[in-house]
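A.B. asks: Starting off with a structure, shown below.
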Amino acid sequence: MTMANIIINGQKISTKAGITVLQAAREAGIDIPTLCDHPALSAVGACRMCIVEIKGQRALQTSCTFPVTDGMEIQTDSKMVVDARKLVLDMIFSERNHFCPYCEMSGSCELQDLGYRYHVDHWVFSTYTKAFPLDATHKYYLMEHNRCVLCGRCIRACDELVANHTLGLGQRGSESMVRADANISLGESSCISCGTCTQVCPTGALFYKRSAFMGKDSLTTKVKSTCNQCGIGCGTEVVTRGGNVLCVLGDWDAPVNKGLLCKMGRFEPLYDSRQRLTAPLLRTKGKFKEINWEEAIQTLAKQINTVKASEIGVLAGSYSSNEALYLIKKLFNEKLKISNIGLTNTVAPRIFDKVQGTLEDIAKSDVIFVVGCDPLNDQPVASFIIKRAVDKGARLIVVDDKKNGLAPFAFMNIDMADINKAIEVAKRANNPFILYGAGITKTAIAQIKKLKEKANYIIVDSGVNTKAAAALGLNNGYDPAGLKILYVLMGEQNYEGDDLFKGIPKNAFIVAQASYLSPLTERADLVLPAAIWSEQNSSLTNIEGRIQNINKAVEPLGEAKPDWEALQLLSAELGKNIAVSIDKVSTEVMKSLK
Ligand code: SF4
Ligand code: SF4
Ligand code: SF4
Ligand code: FES
């Protein structure tokens, strides 16, 4: 690495040659204002807010694009620089409608902050009066073109991070507008509702509908957590005010998703219309009666004590936390000697005996295999990573007998039976990467084993915390025949009412630990209300094997309790007293993962 000795505002700095002046300044703790720049996006030098004076340069230069060279002398706050920035702001504020008091982002707006910083307290130029349209057609967010400063962050986010290429710039000059596809409304466009454009917008041009006008930044609290809607485990920031969740943002510091979220993680949990369960319910004479937790746990313990271990079955749903899965293993399997324990979703076979790769490794591969899994629909942020690699030249091969969301992006779409054709391509590749799921067939397994030495891989299990459940040995298969008690830890999972009760004796006592009313809870004899993603401290294991914390952002609704807390109460009532701590569980899950 070549180093460069530079001077910024008289301060001697030793930095890497070739990084931008903005990066060098930030590393040295020197603040330069920006608007179109975003750390996760390529620099384009569009807004000119970051201009600086560089000795020897005839004009002011945009620090976000100007590379550092040895001996450079830079002024970031000279009168010339400050005056020029003020002029830039005067022009931006004169264009379109920036009447802050009427804007949803007032108080949380980068442009407004710059206005305060540079004392923009009146219009120097006459204001532009043309009214631009407002696009409210998208279900989750709104595009107010009158607040747009044409910084292009949204366009670059959709292109470079999501690889969806929905947004572009239409018209020219002062008429320029961000447009979707061939200038159609966002609601009709190819947008996949990841919300990334909205998160990067520095003004009130793009904002979430559900949290609009509910509170500027200084009135809200942000809690870092982990999305529990699929096995990727994206890092989130849950934004709350007054005990309510306003919105969910992607955490730019999270190693898995680096700020990205998908529709399932960012929006859908906030639009969940299922009815929550808020108190323990006991079926008495055919009807549910609300009871307290003490009574619920005592009733359950009594039931368990009256039957043999072989007459008890346990089913764990995919949303179960590491802590709950650990307790199922310790309490039901190890202490109560119950072996009839299964999962509500399927586990992909373990094919290779080497350590699997990470999602980040996908970017380094030249041929990507997607076999028997559908990341675009089931683990969307993984599909963004795959599509980005394809944009950069990697070849995607989709092997699936079913319709696959990534098929339109593939250079080869083949059935499982023809996988040998793809193996030949992979043999010629430098760094093949395989993502496979539970849909992989025996033929495909036999073929894929041929890539054992060469390919990196990742198992894309279905559901959420399947990796931990499998690691803890909870996927031995459950048999409903002869059961007297069935304990179902469903949590937030949507029970579709298919084959859960097939073969189960009619008079079996069914316990449902669940967050929402469903055909499962309606069939249950005892219902234990479970807290949801925003209401508990726990952890999850993602498809890479990373253990990540879910942090409580709001209090549980009614009497709902975290999944593991209810199981811990039961273990105490049964005299087993199993202690649970996130560290202890992480160690146990990590041990099992190896
Ligand atoms: S929500 Fe996502 S896919 Fe849709 S336009 Fe924005 S960045 Fe692109
Ligand atoms: S919508 Fe926002 S992010 Fe996109 S160009 Fe306009 S101001 Fe920039
Ligand atoms: S990819 Fe999965 S973990 Fe990430 S935001 Fe979407 S649902 Fe959540
Ligand atoms: S931040 Fe550098 S030009 Fe916009």
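A.B. asks: Among Asp31, Asp37, Asp70, Asp77, which is under 37 Å from the mean Cα position of the chain (by Cα), open to solvent by 80 Å² or more (accessible area, probe 1.4 Å) and among the acidic types (Asp, Glu)?
C.D. replies: Unique residue meeting the criteria: Asp31.
A.B. asks: Among the strands (runs of 3 or more DSSP E) lying completely within segment 1-91, list those that include at least 3 residues that are over 26 Å from Gly115 (Cβ atoms).
C.D. replies: 3-8, 11-16
Here is a yes/no grid of residues against (1) of a type outside the set (Lys, Arg); (2) assigned to a helix (DSSP H, G or I); (3) closer than 29 Å to Ile397 by Cβ:
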| site | (1), (2), (3) |
| --- | --- |
| Ile440 | yes, no, yes |
| Lys467 | no, yes, yes |
| Tyr478 | yes, no, no |
| Gly482 | yes, no, no |
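A.B. asks: Check every one of the helices (runs of 4 or more DSSP H) wholly within segment 252-362 and list those with 1 or more residues that are at pLDDT below 95.
C.D. replies: 322-327
Per-residue answers, yes or no, for (1) part of a helix (DSSP H, G or I); (2) within 16 Å of ligand 3 (Cβ to nearest atom); (3) over 21 Å from Asn377 (Cβ atoms):
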site	(1), (2), (3)
Asp121	no, no, yes
Leu150	no, no, yes
Ser174	yes, no, yes
Gly204	no, no, yes
Phe207	no, no, yes
Met214	no, no, yes
Ile232	no, yes, no
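A.B. asks: Right, here's the next one. Could you say which residue among Gly477, Gly558, Gly545 is under 30 Å from Ser586 (Cβ atoms), surrounded by fewer than 21 Cβ atoms within 10 Å (Cβ to Cβ) and in contact with a Leu (Cβ under 7 Å, 6 or more places away or on another chain)?
C.D. replies: Result of the check over Gly477, Gly558, Gly545: Gly545.
A.B. asks: Listed residues Gln199, Gln229; which is modelled with pLDDT of 95 or more and either within 14 Å of ligand 1 (Cβ to nearest atom) or of a type in the set (D, E, K, R) (or both)?
C.D. replies: Gln199
Here is a yes/no grid of residues against (1) closer than 30 Å to Pro505 by Cα; (2) at pLDDT 95 or above; (3) of a type outside the set (D, E, K, R):
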{"position": "Glu522", "(1), (2), (3)": "yes, no, no"}
{"position": "Ser539", "(1), (2), (3)": "no, no, yes"}
{"position": "Ile543", "(1), (2), (3)": "no, yes, yes"}
{"position": "Gly558", "(1), (2), (3)": "no, yes, yes"}
{"position": "Ile582", "(1), (2), (3)": "no, no, yes"}
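A.B. asks: Consider segment 433-443. How many of its residues are modelled with pLDDT under 95 and open to solvent by less than 10 Å² (accessible area, probe 1.4 Å)?
C.D. replies: Final tally of qualifying residues: 0.
A.B. asks: Determine whether Gly29 is closer than 30 Å to Asn257 by Cβ, modelled with pLDDT under 95 and either more than 16 Å from ligand 2 (Cβ to nearest atom) or of a type in the set (Ser, Thr, Tyr) (or both).
C.D. replies: no
A.B. asks: Could you list, in sequence order, all residues of segment 159-172 that are of a type outside the set (Ser, Thr, Tyr), crowded, with 19+ Cβ neighbours inside 10 Å and away from ligand 3 (no atom under 16 Å from the Cβ)?
C.D. replies: Those that are of a type outside the set (Ser, Thr, Tyr), crowded, with 19+ Cβ neighbours inside 10 Å and away from ligand 3 (no atom under 16 Å from the Cβ): Asp159, Leu167.
The values are calculated or read from the model by the stated rules, or taken from the named source; none is laboratory data. None of these values were measured; they are calculated from a predicted model. In this analysis, Cβ positions are derived from the backbone assuming ideal geometry, glycine residues included, and neighbour counts consider all displayed protein chains. These area figures cover heavy atoms from the full protein model, side chains too; ligands, DNA and RNA do not enter into them. Shrake-Rupley method; radii C 1.70, N 1.55, O 1.52, S 1.80 Å.
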